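Please treat every number below as a calculation from the coordinates, not as lab data. It should be emphasised that the depicted structure is a prediction, and the values quoted were computed from it without experimental measurement. Heads up, the Cβs are rebuilt from the backbone with ideal geometry, glycines too, and the neighbour counts pull from every protein chain shown.
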Amino acid sequence: MNCSYCNADFDAEAAKHACSACLISTGCKSVKCPRCGYDSPEEPQLFARLKAWWGRGAEAAAEALPRECTLSQLRPGESALITALRPGSRKDLQKLLALGVLPGSTVTLERNFPSFVFRVGFSQYATDRMLSDAVVVRRSVVAVPAPAAGEPAPLQPAAL
Amino acid sequence: MTVIGIVGTPNVGKSVMFNNLTGRYATVSNYPGTTVEVSRGRTRLAGGDVEVVDTPGMYSLLPITDEERVARKMLLDREPQVVIHMVDAKNLERLLPQFLQLRELGMEVVLVLNLMDEARKLGVELDVPALRKRLGVSVVESIATSGVGVPELKEALALRLRTPGPAAAPLGYDPALEQAIHQVSVRLPMSFAGSERGVALLLLQDDAEVAERVKAATGAGWDEIRAVIAQAQQDGEPPQYRIALARQAEAQAIAQACVRVPRSRTRTFADRFAAAAIHPLTGAPMLAVILYFGLYQFVGVFGAGKVVDFLENDLFGTYVTPAFDAFLLRLLPAADGWQYWTRELFGGEFGMITLGVTYAMAIVLPIVCLFFLFFSILEDSGYFPRLALLVDALFKRIGLNGRAVIPLVLGLGCDTMATMVTRIQETKKERIITTLLLALAVPCSAQYGVITALLVRQPNGVLGMSYAWLAWASILAVMFVGVGMLASKLVKGEEASFYMELPPMRLPKLSNVVVKTAARMKWYFLEVLPLFLFASLLIWVGRLTHLFDALIAGLVPVVGALGLPSGTAPAFLYGFFRRDFGAAGLYSMADTGALSGNQLLVSCVTLTLFLPCVAQFLIMKKERGLKMALAMSGGIVVTAFAVGATVNAVLVATGISL
Ligand SMILES: Nc1nc2c(ncn2[C@@H]2O[C@H](COP(=O)(O)OP(=O)(O)O)[C@@H](O)[C@H]2O)c(=O)[nH]1
């Protein structure tokens, strides 16, 4: 999103981390700009979704994303390697294990609204955000010219 | 007797295979979770009778829902001598860990690679001889729906029943785990002989149910076992995670050696359709179309309107009932005394034959049958899991998750049956909320049909739906959401995260649809027809003893408060036995023009909110306990009247006339 004071572009999710020390952080509806510290009102979800729908929001979000992210943060259509699971409870871990969502498998996110739909192998699954957040993935690098033969691949984004 | 168990994940064709083996029908479904009860049947193998048991699907031997516990309990009790492990051939790699678990429990397993047709179409190639060698068990390829592989499976089973197969080569885990497994297994009592390794692994994964079992069997030794488990839980990643990873690595190694998967996959028409069903822009209109044509037009207007009209008025009304009454009158001609009352028991306005059987055959049978047909088609196509993911976010607001669609939609057919299906839900809170919503705000098909037929005749409306019907449907929707939201705040307990496999969408198979519809109809009639007769009997006793006159007199002021004529009081009284009985009573009043549009709406809303029938109460008691069943029922009756009175007050205050 965009800071309404200094006009800096930043990732609202990332900014939330900065808030975690604040006492009222859970119920509060504002987001602190990481550059100037101004509290902007949180982007309404509907608005964020609409933006994502038009593609611009999604692209911006994708640029801001590191290679390690959660399944829920992938773009629809994107594949990634599952590297770890961070379930919130034993039950949730059990569900992911039961579905065969395990580190080492490749997952393709197909939809992120109204639920998260993804594919592992020939199976298709749907989960809510909570479970998709629990799956940590490493994205393959996209929109990078194919490495010349012999060059080590894949590239780290930092090297770009 | 020798027992053979069929286990596997949901939707791999277990029920179809069960039918193939036993010639008996278990309900077949394309929705995870509709086989709630265990089906048993018999077949002849190796010259003897054997029992075949079909179990509800499970994803892992660590159960999440109650129904998954059913299959596991059977395995832990070591009930089957041989287990048929059914897997989806194209997903072998993902399903092999379950196979490994079965072997760790010391089960004799025959692995069935089902859905071979789908696997071939996708270009998945399986090296079966290599699999046999590597896994050390019989492996059979099959297409359950066309019977391919059934003779081979029988042969493999017969062989296993005669001679036990080689023991499973144990899969190795990391050293710390192996040590813990060893320490636990040596302390297990004799009763677990053969399955020590599997049981030890379940214990190390902190399985409370297995712990109970072992504790009961070991006595004093349990403390030592518990110490080992606690220790294992403490070092490093949770054991269940480490165990799952090790099994997956093994599964990958096996798959690498024995399975060839094509790199690219072709998108079929069914895939595209499935994708459209879960896209919010296309999914919502699709749902609306399905509901409008399926429920409103097919079940409501066609079933409850046309078909019932024909059966009730033309067939029963003109021929069967008058003929039966005339027959009774000839047999017992006296105008009063015992002859009159005997006549009334079987015939007349409320007789067991003229009311009970007529209602069952002419009204309920066609409506329920059409509903189950509609339901079975949707179920077999694989649409329900897609519906579940569409509504998950909305259902979270009423304390449920997407999985609740199956009981709730089934409730539109029969609330009683649906209340039983709440067992597929994970937490107690969800089961309570679903039970309440089913009893209060989800009209069953018989009632829904009668009420639709009743309200749709009101003159003003749009799109073939009268305003009265729309108002009725909206009030129910508001009650559903409102009570759901309230209940999600009031009912204590955990909510569950939503996860679900989406089976491929398939064109419904006529035979499956017929079998499923027939199985549900059979259940319905065994459960419900006796109740119809029982209700007629109660009404007869009530009238004979003049008890009903007193009750009706007591109800007159209540219906008066709803702005209804006293003639509706009997309809409400009968509505306590079955909501649709009451609704049908209104039907005849509306026919004579004794009720205005507003009064119809008020009485239909009130009746719909009542408990659906006596059977509903009994099943609520069975599933939720007497205390909760009574509390819910009391609350529901009060709510029903309160909402009826409110609707009436609003109509009066606004001067709306429907
Ligand atoms: N194409 C194909 N469909 C199958 C096969 N076996 C089962 N089915 C279908 O898969 C669905 C699920 O089958 P069911 O027996 O209910 O699975 P269960 O949940 O394991 O009992 C049904 O619609 C079956 O018609 C098969 O070998 N090939």
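Using the C-alpha atoms of the range B:393-528, what convex hull volume per residue, in cubic angstrom, is computed? Before the final figure, lay out the partial values.
Working: hull volume 19.6 nm³, N = 136.
Dividing the Cα hull volume of the range B:393-528 by its residue count gives 144 Å³.
Just the Kirkwood number for the range B:464-555, please: inverse of mean 1/r across all distinct Cα pairs, in Å, one decimal.
So the Kirkwood estimate lands at 19.4 Å.
Just the Kirkwood number for the range A:65-139, please: inverse of mean 1/r across all distinct Cα pairs, in Å, one decimal. Show your work: numbers first, answer last.
Numbers: mean 1/r = 0.0847 Å⁻¹.
Final number for the Kirkwood radius of the range A:65-139 is 11.8 Å.
Residues with amide H under 5 Å of A:Glu110's amide H, sequence separation 5 or more or different chain, H placed in the peptide plane at 1.01 Å from N; which?
A:Gly77, A:Val117, A:Phe118, A:Arg119
Using the eigenvalues of the Cα gyration tensor, what equivalent ellipsoid semi-axes result for the range B:318-430 when each is taken as the square root of five times the eigenvalue, whole Å, largest first? Present the calculation step by step, with values, prior to reporting the outcome.
Details: eigenvalues 430, 51, 14 Å².
For the range B:318-430, the semi-axes come out at 46, 16, 8 Å.
Assigning unit charges at the beta carbon (Lys, Arg +1; Asp, Glu -1) and nothing else, what dipole magnitude in debye, to the nearest 20, does chain B show about its Cα centre?
On the way: 58 positive and 54 negative charges, 119 e Å.
Dipole of chain B, to the nearest 20 debye: 580 debye.
State the Kirkwood hydrodynamic radius of chain B in Å, one decimal place, computed from all pairs of distinct Cα atoms.
27.6 Å
Tell me whether the range B:438-516 comes out rounded, prolate or oblate; compute the Cα gyration tensor, take square roots of the eigenvalues as a ≥ b ≥ c, and use a/c under 1.5 as the rounded threshold.
Oblate shape, in that a/c is at least 1.5 and b/c is the bigger or equal ratio.
So how many Å³ per residue does the convex hull of the Cα atoms of the range B:228-304 work out to?
So the per-residue hull volume is 265 Å³.
Near the amide H of B:Glu141, under 5 Å away, which other amide H atoms are found, from residues 5 or more places off or on another chain, if H is placed in the peptide plane?
B:Leu113
Determine Rg/Rh for the range B:340-391; Rg is computed over alpha-carbon atoms and Rh is the Kirkwood hydrodynamic estimate from the same atoms. Write down the numbers at each step before the final one.
On the way: Rg = 18.8 Å, Rh = 13.5 Å.
Rg divided by Rh gives 1.39.
The range B:280-654: percent of C-alpha pairs farther apart than 28 Å?
The answer is 46 percent, as a whole percent.
Along the charge dipole of chain B, which of B:Gln234, B:Val605, B:Cys258 sits closest to the positive end, that is, farthest toward it, with unit charges on the beta carbon of Lys, Arg, Asp and Glu (+1, +1, -1, -1)?
B:Cys258
May I have the convex hull volume per residue, in Å³, for the Cα set of the protein assembly as shown?
Given the Cα convex hull of the protein assembly as shown, per-residue volume reads 216 Å³.
For the Cα atoms of chain B, what angle does the longest principal axis make with the long axis of helix B:614-624, in degrees from 0 to 90, nearest 10?
That helix lies at roughly 30 degrees to the long axis.
Can you tell me the alpha carbon radius of gyration of the range A:75-117 divided by the globular rule-of-thumb value 2.2 N^0.38 Å? Intermediate results must be reported in sequence, preceding the final value.
On the way: Rg = 11.1 Å, N = 43, 2.2 N^0.38 = 9.2 Å.
Rounded to two decimals, the normalised Rg is 1.21.
What base-10 log of the normalised intensity I(q)/I(0) is obtained for the range B:3-162 from the Debye formula, alpha carbons as equal point scatterers, at q = 0.12 Å⁻¹?
Debye output, listed in q order: -0.45.
Within 10 Å of each candidate Cβ there may be at most 12 other Cβ atoms; applying that plus a DSSP loop requirement, which trypsin sites (Lys or Arg not before Pro) in the range B:473-510 survive?
B:Lys492
For the range B:280-654, with only Lys/Arg (+1) and Asp/Glu (-1) charged at the beta-carbon, what is the dipole magnitude about the Cα centre, in debye rounded to 20? Can you show the working numbers first?
Working: 26 positive and 21 negative charges, 201 e Å.
Roughly 960 debye for the range B:280-654.
So how strong a dipole does the range A:65-139 carry about its Cα centre when Lys and Arg Cβ are +1 and Asp and Glu Cβ are -1, to the nearest 20 debye?
Details: 11 positive and 6 negative charges, 16 e Å.
Using only the charged Cβ atoms, the result is roughly 80 debye.
Count the lysine pairs in the range B:3-162 whose Cα atoms lie under 24 Å apart, taking only pairs 8 or more positions apart in sequence or on different chains.
Lysine pairs satisfying the spacing and distance rule in the range B:3-162 number 8.
Could you compute the net charge surrounding B:Gln183? Neighbours are other residues with a C-beta less than 15 Å from the C-beta of B:Gln183; K and R count +1, D and E count -1.
The answer is -3.
What list of ³J(HN,Hα) values in whole Hz, one per residue of the range B:464-479 in order, does the Karplus curve 6.51 cos²θ - 1.76 cosθ + 1.60 (θ = phi - 60°) give from phi, with Gly and Pro shown as x?
Karplus-based 3J(HN,Hα) across the range B:464-479 equals x, 10, 6, 4, 4, 5, 4, 5, 4, 4, 5, 4, 5, 4, 5, 4 Hz.
Over all residues in B:238-248, what is the mean tally of Cβ atoms on other chains that come within 10 Å of each residue's Cβ?
4
Using Cβ counts within 10 Å as a stand-in for footprinting exposure, how do B:Lys215, B:Lys14, B:Lys429 rank, fewest first?
With the sparsest Cβ surroundings first, the list reads B:Lys215, B:Lys429, B:Lys14.
Rule-of-thumb check for the range B:299-347: C-alpha Rg over 2.2 N^0.38 Å?
1.53
If Lys and Arg each add +1 and Asp and Glu each add -1, what is the summed charge of the other residues whose beta carbon sits under 12 Å from the beta carbon of B:Thr434? Mind showing how you got there, number by number?
Working: positive: B:Arg403, B:Arg423, B:Lys428, B:Lys429, B:Arg431, B:Arg624; negative: B:Asp415, B:Glu426, B:Glu430, B:Glu623.
Overall, the nearby charge balance is +2.
Quick one: what Rg and Dmax do you get for the range B:242-398 from the alpha carbons, in Å?
Rg then Dmax for the range B:242-398, in Å: 27.8, 87.
Using amide H atoms built in the peptide plane, which far-off residues or other-chain residues are under 5 Å from B:Leu502 H to H?
A:Gln124, A:Tyr125, A:Ala126
Taking other Cβ within 10 Å of each residue's Cβ, how do B:Tyr340, B:Tyr467 sort, fewest first?
B:Tyr340, B:Tyr467
Please list, in order along the range B:512-517, the HN-Hα scalar couplings obtained from phi with the Karplus expression 6.51 cos²θ - 1.76 cosθ + 1.60 (θ = phi - 60°), rounded to whole Hz, x for Gly and Pro.
Working through the residues one at a time gives 4, 4, 5, 4, 5, 4 Hz.
Take the range B:202-243, compute every pairwise Cα distance, and split them into 5 Å bins from 0; I just need the percent in each bin.
Over the range B:202-243, the share of Cα pairs per 5 Å bin runs 5, 26, 31, 22, 11, 5 percent.
Just to check I understand the Karplus step: with θ = phi - 60° and J = 6.51 cos²θ - 1.76 cosθ + 1.60, what whole-Hz values come out for the range B:142-159, glycine and proline as x?
8, 10, 4, 5, 10, x, 5, x, 5, x, 5, 5, 4, 4, 4, 5, 4, 4
To the nearest 10 degrees, how steep is helix B:445-455 against the longest Cα principal axis of chain B, on a 0 to 90 scale?
The helix B:445-455 is inclined about 40 degrees to chain B.
Please give the average number of partner chain Cβ atoms lying within 10 Å of the Cβ of each residue in B:491-499, rounded to a whole number.
Average neighbour count from other chains, rounded to a whole number: 5.
Going toward the positive end of the dipole of chain B, with +1 on Lys and Arg Cβ and -1 on Asp and Glu Cβ, which of B:Ser39, B:Met361, B:Val124 do you reach last?
B:Val124
Just want the ordering: B:His85, B:His279, from fewest to most Cβ atoms lying within 10 Å of their own Cβ.
B:His279, B:His85
Just to compare against my own numbers: the Cα pair-distance distribution for the range B:143-240, 5 Å bins, whole % per bin, please.
Calculated over all Cα pairs of the range B:143-240, the distribution is 2, 12, 20, 17, 12, 9, 8, 9, 7, 4, 0 percent.
Apply the a/c threshold of 1.5 to the C-alpha gyration tensor of the range B:562-658 and tell me whether it is rounded, prolate or oblate.
In terms of gyration-tensor shape, oblate.
Give the cross-link partners of B:Lys492 among the lysines, using a straight C-alpha distance below 23 Å as the criterion and excluding same-chain residues fewer than 8 apart.
Result set, ordered by chain and number: A:Lys91, A:Lys95, B:Lys396, B:Lys428, B:Lys429, B:Lys621, B:Lys622, B:Lys627.
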